[in-house]
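The values are calculated or read from the model by the stated rules, or taken from the named source; none is laboratory data. Bear in mind the structure is a predicted one, so any value in this text is a computation, not a measurement. Note that each Cβ is placed from the backbone with ideal geometry, even for glycine, and that neighbours are counted across all protein chains shown.
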């Protein structure tokens, strides 16, 4: 196994960190920074007389281009000598030592931060650790810092008798409080000088009603103390800048709120950016089990059951807001924002997260936290070509490395490229590259990221020929009344439909009987209760408009069914919609696997209903398109009924036994009667007997 793959695995199995690749730090050096200020470089080198050859050049280059690293090298030179002998073991020893810290946690954490910052910077600059190892080490230290700071703050509240009913045994679980790591920390992607985004919650069910306010006050004090322990700048530095503003409605809510209140907020007022934020959310300190349960309750909020193409416009709107603040237009490198600017890190993250949001409700494989992991599963599941995700993953890693070096100079939470020649010369020296080569590489990467992502987010920017619409259709009284329909009452739905309307009318005009097709489409549109999701789906997948026109032009009954069940269009996007019919055994296996993903009984039944509607739709479209004959379609409907009964019956038995105990005797059998018994249903009622 390559050292890189071993490093990635080590993030999930810290015990395997020792001797990655079986080589020392010095033997793994693949690149070296240059000292931008030679005098400072010599100063750093002189502070470590034990270093020779490439190690000495590394310290000179790092200390001569980064005033911040220069100070760390001189302050921690004694520790650094041993750490570079075995950097992976040094990380484990440092973390284990912090676990044993009693009093003086503030000082111990600040010393730990200096050492982790120095070691990860040198491993990054020298190419000894890949990006994932660098960000993973920073995140592991952040997790531990938050946990220790929280436990110290909670212990203080418990020992003062301020947390009702809590004892010393509750310190490890923070008395029912959990800290959610959000953003890059949640995904093990912390950047070099990152602040940490946290949401603090407590489990209200652990307290009597009369004790609620006292408990909340204790948790609020503990949260503030934890934040101060991490954020306060002392003579020994700071640990992490801490941001608590991602919680629900931060202007009016306390810094730690009850889980029940947070759940109500997201159910009723949760916004698109909050859904995206919870893709990366991870319990990192306190009552981890309670945190996992809370995230499970938010699954319906984050992961919608249908294909959520409306998320594309939500993400595009956020991108435009960032650009309004950070500038747009042609890419110019001086002062360019590597995170929020055109072609930057956020564009790759938005591209990945939006794709996950669209389909993650239907495909649990997409529910991963990391950006590179997200790109990988998008290709594995067929949503994005590997050529695209491969390029974006490569650009993401390169962008993050530049971001780290910009931050290493002065330990500043900045994402801006230097604004002057001297700054770029310093950045080039820190990367060990020539300035012209570095600038050309950054510019090319920014431009390609923009090119790869822009068309996905801004469909109206794609090149397309104008549609020719016959005047008779465009001026039809039926078309004139569309704006009064329920599906077009919202401004957003109207805006999307306005872009779709010429294409829809053009395709209706090509139907065998355009007037009848228009009338059938009018009936379909009139029956739609809402339009944003379906119109977004059509805009992202224009081929579905052809299918819709086929349906309304040839089968008004199916069109009316679609008005009430428009989510079945999701099934067409799967890629195998027009594949040969799989048969009852495969159908039963598929539904059984889907139902196994959920534990709640009612949700399981909803999943079965949705599955059956989609497969009924598929059978109908196959018949409509001439892919099956009428008699064969009847057998397909019978297959669906048999599969649904076979998969759902055990679920019902399990629920019955849970409520009433196991049924007597040796069980029951379901016997198909009538058309089901004959093997042909044609969507007729299904008669069964127990």
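With the requirement that a residue be exposed (fewer than 14 other Cβ atoms within 10 Å of the Cβ) and free of Cβ contacts under 8 Å to residues at least 60 places away in the same chain, what does the range 403-443 give you?
Answer for the range 403-443, where residues must be exposed (fewer than 14 other Cβ atoms within 10 Å of the Cβ) and free of Cβ contacts under 8 Å to residues at least 60 places away in the same chain: 421, 422, 434, 436, 437, 440.
Restricting to the range 534-556, what's the tally of residues that are part of a helix (DSSP H, G or I) and modelled with pLDDT under 75?
6
Being under 23 Å from the mean Cα position of the chain (by Cα), at pLDDT 95 or above, surrounded by fewer than 18 Cβ atoms within 10 Å (Cβ to Cβ) and assigned to a helix (DSSP H, G or I) is the requirement here; does residue 390 meet it?
On the way: under 23 Å from the mean Cα position of the chain (by Cα): yes; at pLDDT 95 or above: yes; surrounded by fewer than 18 Cβ atoms within 10 Å (Cβ to Cβ): yes; assigned to a helix (DSSP H, G or I): yes.
So residue 390 passes the test.
Output the residues belonging to the range 200-229 that are buried (at least 17 other Cβ atoms within 10 Å of the Cβ), out of contact with any strand residue (DSSP E or B) (no Cβ under 7 Å at 6 or more places or on another chain) and not in a helix (DSSP H, G or I).
203, 207
Answer yes if at least one residue in the range 117-137 is more than 29 Å from residue 433 (Cα to Cα) and at pLDDT 95 or above, and no otherwise.
No, the conditions are met nowhere in the range 117-137.
Considering 376, 443, 400, which residue is outside the structural domain of residue 496 (by TED's automatic domain parsing), more than 20 Å from residue 353 (Cβ to Cβ) and at pLDDT 95 or above?
Working: 376 fails: more than 20 Å from residue 353 (Cβ to Cβ); 400 fails: more than 20 Å from residue 353 (Cβ to Cβ).
Only one candidate passes the filter, namely 443.
Mind listing whichever residues of the range 1-25 are modelled with pLDDT of 70 or more and crowded, with 17+ Cβ neighbours inside 10 Å?
Within the range 1-25, just 25 meets the criteria.
Would the range 102-117 turn up any residue that is outside the structural domain of residue 226 (by TED's automatic domain parsing), within 30 Å of residue 422 (Cβ to Cβ) and part of a loop (DSSP other than H, G, I, E, B)?
Looking through the range 102-117, none of the residues is outside the structural domain of residue 226 (by TED's automatic domain parsing), within 30 Å of residue 422 (Cβ to Cβ) and part of a loop (DSSP other than H, G, I, E, B).
Mind listing whichever residues of the range 161-187 are at positive phi and either out of contact with any strand residue (DSSP E or B) (no Cβ under 9 Å at 6 or more places or on another chain) or in a loop (DSSP other than H, G, I, E, B) (or both)?
161, 165
Tally the residues that are over 22 Å from residue 623 (Cβ atoms) and either at pLDDT 85 or above or outside any helix (DSSP H, G or I) (or both), restricting the search to the range 660-684.
Qualifying residue count, the range 660-684: 12.
Being touching a residue at least 24 places away in the same chain (Cβ under 8 Å) and not in a helix (DSSP H, G or I) is the filter here; which residues of the range 482-505 pass it?
485, 490
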